[in-house]
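Just below is one structure, and these are the notes that go with it.
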Amino acid sequence: QVQLVESGGGLVQPGGSLRLSCAASGFTFRNFRMSWYRQVPGKERELVAFITSIGGTTTYAASVKGRFTISRDNAKNTVYLQMNSLKPEDTAVYYCKATFAHLAYWGQGTQVTVSS
């Protein structure tokens, strides 16, 4: 059974940091590209960052580049999103996604709220 379980969300003040984790099971994690998306009510889900399966090349949305870092630990079947210098506009539900060829799996999401 495929599972992606996000954790690490919560309430943080502007300028603060959070680290999200996404633990994967039920598929060969190292073969999959891993991504983080976010969504706010009434808006489309947007890509935040992804990391490739081979080489670990990373790509970021312009809005988070320089503040967020995506990484993966294939031994732990986990992908991370380190979020620094958080802004109120980063408030959203954050989802991880695993993709390989025609396969795509999503987690259930974790809420991140940036507010004073």
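Relative contact order (percent) for the chain, with alpha-carbon contacts under 8 angstrom and 6 or more residues of separation? Write down the numbers at each step before the final one.
Details: 277 pairs, mean separation 41.7, N = 116.
Contact order relative to length: 36 percent.
So what's the gap between the Cα centers of segment 1-50 and segment 56-111, to the nearest angstrom?
Cα centroid to Cα centroid, the span is 5 Å.
Per the 1.4 Å probe, what fraction of the accessible area of the chain, in percent, lies on carbon and sulfur atoms? Working shown, then result.
Details: 3000 of 6160 Å².
Roughly 49 percent of what the probe reaches on the chain is carbon or sulfur.
Taking the Cα centre of the chain as origin and charging only Cβ (+1 Lys, Arg; -1 Asp, Glu), how large is the dipole, in debye to the nearest 20?
Values: 12 positive and 6 negative charges, 39 e Å.
That gives the chain a dipole magnitude of about 180 debye.
Alpha carbons only, please: Rg and Dmax for segment 10-93, in angstrom.
Cα only, segment 10-93: 13.2, 37 Å (Rg, Dmax).
Rolling a 1.4 angstrom probe over the protein heavy atoms, how many square angstrom per residue are accessible across segment 8-83?
On the way: 4000 Å² over 76 residues.
Per residue, segment 8-83 has 53 Å² of solvent-accessible surface.
With a ≥ b ≥ c the root eigenvalues of the C-alpha gyration tensor of segment 1-40, is it rounded (a/c under 1.5), prolate (a/b larger than b/c) or oblate? All intermediate terms of the calculation are to be shown ahead of the outcome.
Values: a/c = 2.71, a/b = 2.44, b/c = 1.11.
Prolate, since a/c reaches 1.5 and a/b exceeds b/c.
Work out, step by step, the length gained on full extension between Gln13 and Thr99: first 0.36 nm times the residue separation, then minus their alpha carbon distance; give nm to one decimal.
Numbers: separation 86, 0.36 × 86 = 30.96 nm, distance 3.24 nm.
Length gained, Gln13 through Thr99: 27.7 nm.
The values are calculated or read from the model by the stated rules, or taken from the named source; none is laboratory data. Everything numeric here is computed off the predicted structure, so don't read it as measured data. Because the Cβ atoms are built from the backbone with ideal geometry, glycine has one as well, and the counts that use them run over all protein chains shown. Note: areas computed on protein heavy atoms with side chains; ligands, DNA, RNA excluded. Shrake-Rupley method; radii C 1.70, N 1.55, O 1.52, S 1.80 Å.
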